[in-house]
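As structure tokens, the structure follows; a few thoughts come after it.
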Amino acid sequence: MPVPAMRRLRLLVLGVVVSCLLGSPAIAFADGYSPAMSFLGEDPAAFRTVAIVVLLVAALGLFGLWRMSLVSMRIEAASHDAHDEVGS
Amino acid sequence: MTTAVALGELAITLGVTIALELLAALFFKVGRRGLIAVALVSVVTNPALNVLMGYMSGAYWFDHPRRADAAIILAEIAVVFVEWALLVWALRRTAGSPRKLLVLSIAMNLVSWAGYYVAVMIMTMIAFAAFPQPY
């Protein structure tokens, strides 16, 4: 895919993600927020603890994916090298 | 709800989601690394999405079921694209083209979403059987 088209696609995807992430709470909170019915909404300390644990777990997942991306780059580079050797 | 119960619920939801998404990923023949990436992507997005949904639930859940569905669908669309981007970042082209990974991301989320509705339906049936309504 040409570079400008790739950039346009990335911008489009980013636009969709940001719009959906902003739109979802906007729809939910249209009539105002009632924490009494919400999941841990009455207990900010508990909510904070859960949020910190979730962020740590997400960071662990991202770390794993980052390691995988390094391995993928190495696999791709090795396959390119093998392809070049066959070509020459 | 205590912190431990909330974390337990999030862990169960994550476990079920990973199982369902791996099941969907098996049909795409992405290999062992692809399956590990699918599980890690769920670890990143699923608890965060559930906390967001839980936090928002006080605003809509009981009064506006249609609005709740709309909010969930929008959040799921965002998750499909975020998971696709993470899969492409982690696997590059070692498990297939970006287009294949987009279809995989859509399939994973459809399966886990369907699984969620089936689970809710079963729990509702159990609740009605255990506590019959007086009418």
| message | Based only on other Cβ atoms within 10 Å, what is the fewest-to-most ordering of B:W84, B:W113? | response | B:W113, B:W84
| For labels at B:M125 and B:S97 in the simple 7 Å Cα→Cβ model, what's the distance in nm? | 4.1 nm
| task | Describe numerically, in nm with one decimal, the distance between label points set 7 Å from Cα along Cα→Cβ at A:H80 and at A:L11. | result | 2.7 nm
| remark: Averaged over residues of B:4-16, the number of beta carbons from other chains lying within 10 Å of each residue's Cβ is 2
| said: I need B:E9, A:E85 ordered by Cβ neighbour count within 10 Å, fewest first. | reply: A:E85, B:E9
| note | Cα-only Rg/Rh for the protein assembly as shown with Kirkwood Rh rounds to 1.04
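Once the Cα gyration tensor of segment B:3-130 is diagonalised, what are the square roots of 5 times its eigenvalues, in whole Å and ordered largest first, as equivalent ellipsoid semi-axes?
Working: eigenvalues 156, 50, 38 Å².
Over the Cα atoms of segment B:3-130, the semi-axes work out to 28, 16, 14 Å.
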| Averaged over A:49-60, number of beta-carbon atoms from partner chains that fall within 10 Å | 5
| request: Calculate the spin-label point distance for A:R48 paired with B:V5, positioning each point 7 Å from the Cα along the beta-carbon direction, and give it in nanometres. | output: 2.2 nm
| query | So if we plug the beta-carbon distance of A:V71 and B:Y116 into 1/(1 + (r/R0)^6) with R0 = 35 Å, what FRET efficiency do we get, rounded to 0.05? | reply | 0.60
| Partner chain coverage, peptide A:8-21 - average Cβ within 10 angstrom | 3
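Compare the peptides A:49-59, B:35-45 by average per-residue count of other Cβ atoms within 10 angstrom and give them in order, highest first. It would help to have the intermediate numbers written out before the result.
Values: A:49-59: 16.1, B:35-45: 23.0.
Result, highest mean first: B:35-45, A:49-59.
What list do you get for A:D43, A:D84, B:D69 if you sort them by fewest beta carbons within 10 Å?
Details: A:D43 16, A:D84 9, B:D69 12.
Arranged by neighbour count, lowest to highest, A:D43, A:D84, B:D69 become A:D84, B:D69, A:D43.
A short reminder: the numbers here are calculations on the coordinates, not readings from a lab. No experiment lies behind these values; they were computed from the predicted model shown. Note: ideal-geometry Cβ built from the backbone for every residue, glycine included; neighbour counts use all protein chains shown.
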